1. What nm distance separates the two modelled labels at Ala14 and Thr42, each placed 7 Å from Cα along Cα→Cβ?
2. Tilt of helix 52-61 relative to the longest C-alpha principal axis of the chain, in degrees (0 to 90, nearest 10)?
3. So who's got an amide H within less than 5 Å of the one on Ser51, skipping anything under 5 residues away but keeping other chains? H placed 1.01 Å off N, in plane.
4. Mind pulling the angle between the C-alpha long axis of helix 13-26 and the longest principal axis of the chain? Nearest 10 degrees, somewhere in 0 to 90.
5. Give the long-range amide H neighbours of Ile43: residues separated by 5 or more places, or on another chain, with amide H under 5 Å away, using H modelled in the peptide plane at 1.01 Å from N.
6. On the protein heavy atoms, probe 1.4 angstrom, tell me the percent of accessible surface of the chain carried by carbon and sulfur.
7. Over the chain, what is the relative contact order in whole percent, taking alpha-carbon pairs under 8 Å and six or more residues apart?
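The values are calculated or read from the model by the stated rules, or taken from the named source; none is laboratory data. Computed from a prediction, not measured in an experiment: that's the story for all the values here. Positions of Cβ are backbone-derived with ideal geometry, glycine not excepted, and every protein chain shown enters the neighbour counts. Side chains included, ligands, DNA and RNA excluded: accessible areas come from the protein's heavy atoms. Shrake-Rupley method; radii C 1.70, N 1.55, O 1.52, S 1.80 Å.
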Amino acid sequence: MRVVHVRAPPAAFADTLGELRESLDRHKRPLVRFETEWDGDTIIISVQFDSDDLAELFRQAFAGS
């Protein structure tokens, strides 16, 4: 399984989360797990997929790591 980490400042967290959800729904990407955590002044959104190919597309779309 592949995990993609997307960083968002607190002020943009809600918008970023909405964009992530819309992308997942639009492309019917199978999400396995979704978590958030604080890292200083940034929120890290971790999205786990059961497909490496889909995770890579998602990473590229959201400049994730």
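1. 2.3
2. 40
3. So Ser51 has HN proximity to Arg2.
4. The two axes meet at around 10 degrees.
5. Hits under the 5 Å cutoff: Ala8.
6. 49
7. It comes to 49 percent, rounded to a whole number.
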